Amino acid sequence: MVLQKKICLLGAFSVGKTSLIQRYVNQLFSEKYLTTVGVKIDKKQVTVGNTALSLMVWDLAGEDDFTQIRSAHLRGLSGYIVVIDGTRQNSFTVALALHERVRTELGQVPAVFALNKSDLKDQWLISHEQIRTLAQLGYPVIETSAKLGLGVEEVFMGLARQLVPEKVN
Amino acid sequence: MFSAEELSSEASTQRSQPINTARPASESLESLDALEQLRALLLGADYEILYDLRQQLLDRERYSLHVADIISEALTLRAQQDDSLTDALSTTIESAVSHSVEINPNRLANALYPVMGPAIRKSIQEVLHQALDTFNYLLEQSLSVRSLAWRFDAWRTGRSYSEVVLLKTLVYQVEQVFLIHRETGLLLQHVVSPQAITKDPELISSMMTAIQDFIKDSFNVTSDTSLKTLQLDEVSVLFNQGPHAVVAAVVRGNPPAELNRLLGEVNEQLHRQFIYALKTFQGDGQPFKSTQPVLERCLKTQLRLKKRFPWLAILALVTLVGAAAWWTYQYYQQQGLVQQALAALRSEPGLVVVDFQNTQDGYQFEVLKDPQARDPLSVIQPLQSLASKVTALKVTTKPYLAMEPEFVLGRAKQILQPPAEVELELAANTLKVTGQSDLPWQQKLQQSWPLIAGIDALDLSEFKVEDSSAAQFDQQLRTLTAKIEALRFYFSSGSSVVSDAQAHVKQALPLILELLETARSVGKMPQVSISGATDETGTEITNGRLAKERALAMRDYLLEQGLPASVIAIVKPDTGLRNERSIRYQVDLF
Ligand SMILES: Nc1nc2c(ncn2[C@@H]2O[C@H](COP(=O)(O)OP(=O)(O)OP(=O)(O)O)[C@@H](O)[C@H]2O)c(=O)[nH]1
Ligand SMILES: [Mg+2]
C-alpha cells in the first residue's frame with residue numbers, strides 16, 4: 001500500500017526552502033538564488049516502518065512584504081516544514097506567524113521546524129532563547145544546511161514519521 | 001400508504017391493551033387512574049393517536065407491516081429523484097447474486113440462459129467489427145497513396161510518421177484522464193490511452209491543482225468558479241470540478257463540447273459511488289482502483305477519416321479464407337483418393353501394400369505383387385481420372401509369392417498345365433490330382449510338384465495313368481483290318497490275270513500302307529495274307545491251283561504297285577468254301 005501525502009514548505013523568502021527540497025530530492029545545491037514564483041511541486045518516495053509514502057512536496061513562494069502565502073495552496077496538506085534562516089531575525093518572526101496561521105486555518109497538523117544555513121552558524125542572529133521558545137511549541141526543531149546536506153534527511157523523515165497512522169506501525 | 005381513519009381506528013383497538021398490562025397492581029392504582037384521566041382531559045384524542053403511533057414504531061411487526069405497505073412506492077420515488085438508490089443497492093445485490101451463485105449456480109444460469117446467447121453474439125460481433133476496422137485502417141494506412149504522401153511529409157518535416165498520421169487524421173484524442181482529490185490535489189486514479197506517453201501522473205495531478213489554486217487566488221474570482229480548460233498548442237486539459245474530486249482530461253486536437261458533458265457525467269457518477277471514500281481520503285488510493293473502467297469511458301478518439309466500407313480488409317480476409325478452404329478441400333480430396341486407392345489395392349488378392357507416401361511427384365505406393373495377381377496399375381485405373389485432378393498415383397512393385405490357396409492352385413496349374421481329363425484341387429497344402437492322363441504328363445507332375453511353393457504333398461488316390469495312345473492305335477488297327485479284310489477283287493472265269501485293277505489298288509494300297517505305319521508306331525508288325533477263291537465249276541485240283549495263282553497274281557501286282565514285300569509274306573490258301581472267282585485279304589499282327 002502506498003500512501004500519498006501532501007506536505008508544504010513554508011517560510012520567509014530566501015530562507016532556503018527550494019534549496020532544501022532540491023538537496024533532498026535531487027542531491028543538488030546551487031548558490032544562485034532564483035526566487036520561487038507560485039508553487040513548485042516535487043515527489044519523493046520514502047518508507048516509514050512498513051508503510052510506503054509518496055510525498056508530494058509543495059514548495060511555496062516565500063512570504064515577504066508583497067507576497068502572502070495563499071490559503072488555497074495549504075488546503076489538504078498532511079504536514080508542513082517551517083524553514084527559518086538562522087542568519088535573518090525576520091525569518092523567525094515570519095515562521096512563527098505562518099505556523100500560527102496554519103494552526104488557525106487547518107488545526108493541529110504534523111510539522112517540523114528547520115533552522116537552515118547551519119553552515120553559516122557564525123553569522124547566525126537567532127538567539128538560544130528564541131530556539132528554546134520554538135522547541136516549546138512541541139514540534140521537532142532541526143538544524144539544517146542545504147549547502148552541506150546536513151539535517152535535510154532528518155527534517156523530511158521527522159515529518160514523514162508523524163504522517164503514518166499509529167496503528168499501521 | 002395508509003389513511004388517517006385507518007390509523008385512528010387501529011389506534012382505538014390497540015390502545016387499551018398496553019395500558020392495562022402496563023398498569024402496576026399496587027395501591028397507587030387510583031392515583032394512576034386519575035393521572036390518566038387528567039392526561040386524557042388535557043391532550044384528548046391527540047394523545048391516543050400519538051401514543052398509538054409510538055407503539056407502532058416500537059412494535060417491530062406492526063412497523064414492518066406499514067413499511068411493507070409503502071416500500072415499493074418509496075423506492076420508485078427515490079429512483080426518480082437521483083441514482084443513489086442504484087449505488088446503495090448495488091453492493092447488496094452483487095453479494096446476493098454471488099451468494100446465490102455459490103449455493104446453486106444452475107438457477108442463475110437458467111435465468112440468464114435466454115439473454116446469454118444474444119449477448120455473446122452481440123459482443124462477438126462487436127469485437128469482430130472492431131478488429132475488421134482496425135485491420136482495414138492499418139491496411140489502408142500502409143497501402144494508400146495518401147500514406148505515401150504522409151511518409152514524404154514526415155521525411156520532409158523531420159517528424160515521425162506516426163506523428164504526421166496523427167496530425168493529419170486526428171480530430172481529437174483523449175490521451176490521459178486524471179481523477180484528482182480536490183482538497184489535497186493528490187492523484188486518485190489515472191488512465192492512459194494505449195498510444196499516449198505519460199510522465200509522473202502524481203506530480204502532474206498536484207501541479208494541475210496548484211495551477212488551479214494559483215489562478216483562482218490570483219484573479220480573485222468567486223469561489224464556485226474554476227479553471228475549465230488549459231490550452232497549449234495542440235494539447236488541452238479539460239477540467240471538471242466536483243465537490244470532492246476533479247476529473248481532468250488531457251486532449252490532443254480539438255475536443256468537442258460533448259467531451260465536457262461526458263466528464264461531468266463521469267464525475268457525478270464517481271461522486272455518487274465513491275462519496276464516502278472521497279470524504280475520508282487519507283492518501284490511500286486503493287479504494288479508487290475500481291474507478292478505472294468509468295474513467296476509461298472518457299478515453300475517446302475521433303479520426304477525421306470518414307468511415308468507409310472496409311473493402312481492403314474484406315478482400316484480404318476473403319482471399320485468406322478462400323485459400324484456406326481450397327487447401328483444405330485439396331487435402332481432403334487427396335486423402336480421400338489415397339484411401340480409395342489403398343482400399344482397392346488392399347482388397348485385390350495377390351497384392352500387398354507395404355508402404356505409401358507423399359512424394360514430390362505424387363503419391364507413391366510400394367506393392368508386393370504375386371505373378372498371378374492383377375497389375376496394380378489396372379486395379380487403381382478407375383481412380384486415375386480423379387487422380388489427374390488431385391495428385392498422381394504411382395506404384396512400384398516387387399515380386400512375391402502369395403500363399404493363399406487360390407494362388408497356390410493357380411501357380412500349380414500354370415506350372416503343370418494339366419490335360420483336360422485331369423482336375424487339380426488344393427486342400428491343406430496337399431495337391432489332389434483327379435482323373436487320368438498319359439504317361440508323359442504323369443512324369444512331368446512327379447518332377448515338378450515339389451518345386452511349387454505352397455504345396456507340401458500330393459494326393460494321387462483318384463488319379464491313374466492310362467496309355468491312351470495304344471488303345472487308340474488298336475482301335476485304328478482294328479478298323480483298318482476290317483476295312484482291308486472286306487476288300488475283294490474279282491477275276492474272269494478260269495483266269496488268274498489281274499486286269500482293270502486300278503480302282504482296287506487305289507483302295508487297297510493306302511489302307512495297307514496306313515496299317516503298316518500304324519502297326520509300326522505301336523511296335524507291331526502287320527502281315528497281310530492274300531487268299532484266292534474259285535467258283536464251283538472245274539475240278540477241285542484245278543480250282544485249288546487257280547485260287548493259288550489268283551492270290552499270287554494279286555501279290556505280284558501289288559508288289560509292282562509299290563507295296564513293300566515284307567507286308568505280304570504269305571499267300572494263304574482260301575479255306576472257306578466260296579463260290580466266287582476272287583481274292584481277299586487277311587490281316588495278322590505280330
Ligand atoms: N550557505 C547556505 N546557503 C543556502 C542554504 N540554503 C539556501 N542557501 C542559499 O540561499 C538562497 C536562497 O535559497 P532558496 O532555496 O532559493 O530560498 P527560498 O526559500 O526557496 O526562496 P523563495 O523561493 O524566494 O521563497 C540561495 O542563494 C541559496 O544558495 C544553506 O543551507 N547554506
Ligand atoms: Mg524558492
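The values are calculated or read from the model by the stated rules, or taken from the named source; none is laboratory data. Just so it is clear, the structure is predicted and the values come from calculations on it, not from any experiment. Cβ placement follows ideal geometry from the backbone for every residue including glycine, while neighbour counts extend to all protein chains displayed. In case anyone asks, the SASA skips ligands and DNA or RNA and just uses the protein heavy atoms, side chains included. Shrake-Rupley method; radii C 1.70, N 1.55, O 1.52, S 1.80 Å.
Remarks
- The residue of the stretch A:116-150 that is least open to solvent (accessible area, probe 1.4 Å), among those that are within 16 Å of ligand 2 (Cβ to nearest atom) and among the basic types (K, R), is A:K117.
- Scanning the stretch A:61-74 for residues that are touching a residue at least 12 places away in the same chain (Cβ under 8 Å) and at the interface with chain B (Cβ under 9 Å from one of its Cβ atoms) yields A:S71, A:H73.
- Qualifying positions in the stretch B:496-518 - assigned to a loop (DSSP other than H, G, I, E, B) and in contact (Cβ under 8 Å) with a residue 12 or more places away in the chain: B:S496, B:V497, B:V498, B:A501
- Segments classed as helices (runs of 4 or more DSSP H), wholly inside the stretch B:75-180, with at least 1 members that are touching a residue at least 60 places away in the same chain (Cβ under 8 Å): B:84-103, B:105-143, B:161-169
- The stretch A:76-100, subset more than 14 Å from ligand 1 (Cβ to nearest atom) and open to solvent by 50 Å² or more (accessible area, probe 1.4 Å), residue farthest from the other protein chains (Cβ to nearest Cβ): A:Q89
- Residue match in the stretch A:105-115 (condition: open to solvent by less than 20 Å² (accessible area, probe 1.4 Å), assigned to a strand (DSSP E or B), closer than 17 Å to A:Y24 by Cβ and within 14 Å of another protein chain (Cβ to nearest Cβ)): no
- With respect to the conditions (1) touching a helix residue (DSSP H, G or I) at 6+ places or on another chain (Cβ under 6 Å); (2) within 14 Å of another protein chain (Cβ to nearest Cβ), B:Q273 falls short on a single one, namely (2).
- Residue match in the stretch B:554-574 (condition: more than 30 Å from B:F473 (Cβ to Cβ) and over 60 Å from the mean Cα position of the chain (by Cα)): yes
- Qualifying residues in the stretch B:181-212 (those that are part of a helix (DSSP H, G or I) and either charged (D, E, K, R) or under 19 Å from B:P255 (Cβ atoms) (or both)) - the one nearest to the other protein chains (Cβ to nearest Cβ): B:E202
- Residue within the stretch A:32-54 that is within 15 Å of ligand 1 (Cβ to nearest atom) and under 12 Å from the mean Cα position of the chain (by Cα) present: no
- If you filter the stretch A:1-24 down to residues that are open to solvent by 30 Å² or more (accessible area, probe 1.4 Å) and more than 10 Å from chain B (Cβ to nearest Cβ), you find that the one that is farthest from ligand 2 (Cβ to nearest atom) is A:R23.
- Hits in the stretch A:24-56 - residues which are among the β-branched types (V, I, T) and more than 18 Å from B:S206 (Cβ to Cβ): A:T35, A:T47, A:V48, A:T51
- Of all residues in the stretch A:42-60, none are within 11 Å of ligand 2 (Cβ to nearest atom) and either at positive phi or more than 11 Å from chain B (Cβ to nearest Cβ) (or both).
- Restricting B:S206, B:S193 to residues that are in contact (Cβ under 8 Å) with a residue 60 or more places away in the chain and in the same structural domain as B:V247 (by TED's automatic domain parsing) narrows the list to B:S193.
- None of B:A519, B:A482, B:A503 is open to solvent by 70 Å² or more (accessible area, probe 1.4 Å) and in the same structural domain as B:R550 (by TED's automatic domain parsing) except B:A503.
- Qualifying positions in the stretch B:213-228 - in a loop (DSSP other than H, G, I, E, B), of a type in the set (S, T, N, Q) and within 13 Å of another protein chain (Cβ to nearest Cβ): B:N220, B:S223, B:S226
- Residues that are charged (D, E, K, R) and part of a helix (DSSP H, G or I) were ranked within the stretch A:85-104; the one that is farthest from A:Y139 (Cα to Cα) is A:R101.
- Helices (runs of 4 or more DSSP H) completely within the stretch B:378-453 that count 2 or more residues being over 22 Å from B:E366 (Cβ atoms): B:405-416, B:439-448
- Among the residues of the stretch A:32-44, those identified as touching a residue at least 12 places away in the same chain (Cβ under 8 Å) and open to solvent by 70 Å² or more (accessible area, probe 1.4 Å) are A:Y33, A:L34, A:T35, A:V37, A:K40.
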